[in-house]
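The values are calculated or read from the model by the stated rules, or taken from the named source; none is laboratory data. It should be emphasised that the depicted structure is a prediction, and the values quoted were computed from it without experimental measurement. A quick note on method: Cβ atoms are made from the backbone with ideal geometry, for glycine too, and the neighbour counts reach across all protein chains shown. When the accessible area is computed, the model is the full protein with side chains, heavy atoms only, and any ligands, DNA or RNA have been set aside. Shrake-Rupley method; radii C 1.70, N 1.55, O 1.52, S 1.80 Å.
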Amino acid sequence: MPAKVPDSHRRGWIVPVGGAEDKDSNPVILERFIAVCGGAESRIAVIPTASRLDDTGERYVRLFTELGAGHAASLEYKEREDAARPDWLAYLREATGVFLTGGNQLRISTILGGTDVARTIRTANARGVPVGGTSAGAAILSEHMIAFGRSGATPRAGMVSLAPGLGLTNRVVIDQHFRQRDRIGRLLAALAYNPFAVGVGLDEDTAAFINADDVVEVCGSGAITVVDASHIEHSSMDEASEGDSICMTGIRLHVLTEGGRFDLHRRIATPPGREPVD
């Protein structure tokens, strides 16, 4: 379950990004992330654990600094023993924003899962610190994480594997590079296991800014595909064999672009430019 929000606090923004966000010509996603972290007063902890490239963390440090962040530092957690470094934990505890880079989400969960780093991120978000991530860094943010799976439009048994994520929210299951890698089938398959959560499929260069009231706001050049299985009428997942197509009826699907919103509590979608329904 997500960490308890302390009295007199509001949970911080949760910001999953679909990957390949524009970093040069129109970096609106990163600029908005800096803004919600405090702008020129922000102090952003970059966690490049998902990536095996040596320069990933420092690249985001340069980006955040050039785009107006007050300060940024890369915390290079490469082994579980690194999670005990007191200097990095001190920076993380004082950060006004946390950003996890892309790569392989299982590297994040296996290296940081159950450590003081993971607990610090969860409690920081609960007391108001925004936490974002791109690609693998987006997948890890929710309680139920898509670890890996196959592409394709039709949901099939065994198409997707789930693992525990950081658990900042249990309201969504996140998939990234969504339209570009044809991942609607695996998101549907994930929801067929348990339709409690809302499926959020993020196109590249597109982010979901999820506020303290659990309202998703779309930012970026692509779209977010929202899959609401709360009124599912039938799923054949329980009787399917490995590789079988899954029958699912009664599912609602929304495609939202820049400025669109989705209320995760009321399950109501609002198109760009319109006021939310009371």
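If we only count helices (runs of 4 or more DSSP H) wholly inside segment 113-195, which ones have 1 or more residues that are over 24 Å from Glu21 (Cα atoms) and free of Cβ contacts under 8 Å to residues at least 60 places away in the same chain?
The qualifying helices (runs of 4 or more DSSP H) are 116-126, 184-193.
Of all residues in segment 21-36, how many are closer than 19 Å to Pro130 by Cα and touching a helix residue (DSSP H, G or I) at 6+ places or on another chain (Cβ under 9 Å)?
Final tally of qualifying residues: 5.
Restricted to segment 130-159, and to residues that are crowded, with 24+ Cβ neighbours inside 10 Å and among the β-branched types (Val, Ile, Thr), which residue is nearest to Phe99 (Cα to Cα)?
Val131
Which residue pairs have Cβ atoms closer than 6 Å, lie 6 or more positions apart in sequence or on different chains, and pair a first residue in segment 214-227 that is in a strand (DSSP E or B) with a second residue that is open to solvent by less than 10 Å² (accessible area, probe 1.4 Å) and small (Gly, Ala, Ser)?
Matching pairs, first to second residue: Val216/Ala208; Val218/Gly260; Cys219/Ala207; Gly220/Ala207; Ile224/Ala208; Thr225/Gly201; Val227/Gly199.
Could you check how many residues of segment 40-67 are over 14 Å from Ser135 (Cα atoms) and among the small types (Gly, Ala, Ser)?
Residues meeting the conditions: 4.
Kindly indicate whether Asp205 is at positive phi and charged (D, E, K, R).
The answer is yes for Asp205.
Considering segment 93-112 alone, what residues qualify as being among the basic types (Lys, Arg) and either within 27 Å of Glu41 (Cβ to Cβ) or not in a helix (DSSP H, G or I) (or both)?
Arg93
Scan Glu76, Glu21, Glu58 and give me the residue that is free of Cβ contacts under 8 Å to residues at least 40 places away in the same chain, in contact with a strand residue (DSSP E or B) (Cβ under 7 Å, 6 or more places away or on another chain) and among the acidic types (Asp, Glu).
None of the others qualify; the one that does is Glu58.
Determine which member of the set Glu242, Glu275 is at pLDDT below 95 and in a loop (DSSP other than H, G, I, E, B).
After applying the criteria, what remains is Glu275.
Among residues belonging to segment 182-230 that are of a type in the set (S, T, N, Q) and over 29 Å from Cys247 (Cβ atoms), point out the one that is least open to solvent (accessible area, probe 1.4 Å).
Residue satisfying both the conditions and the ranking: Thr206.
Name the one entry in Val218, Val200, Val255 that is in contact with a Leu (Cβ under 7 Å, 6 or more places away or on another chain) and under 21 Å from Arg181 (Cα atoms).
Val218
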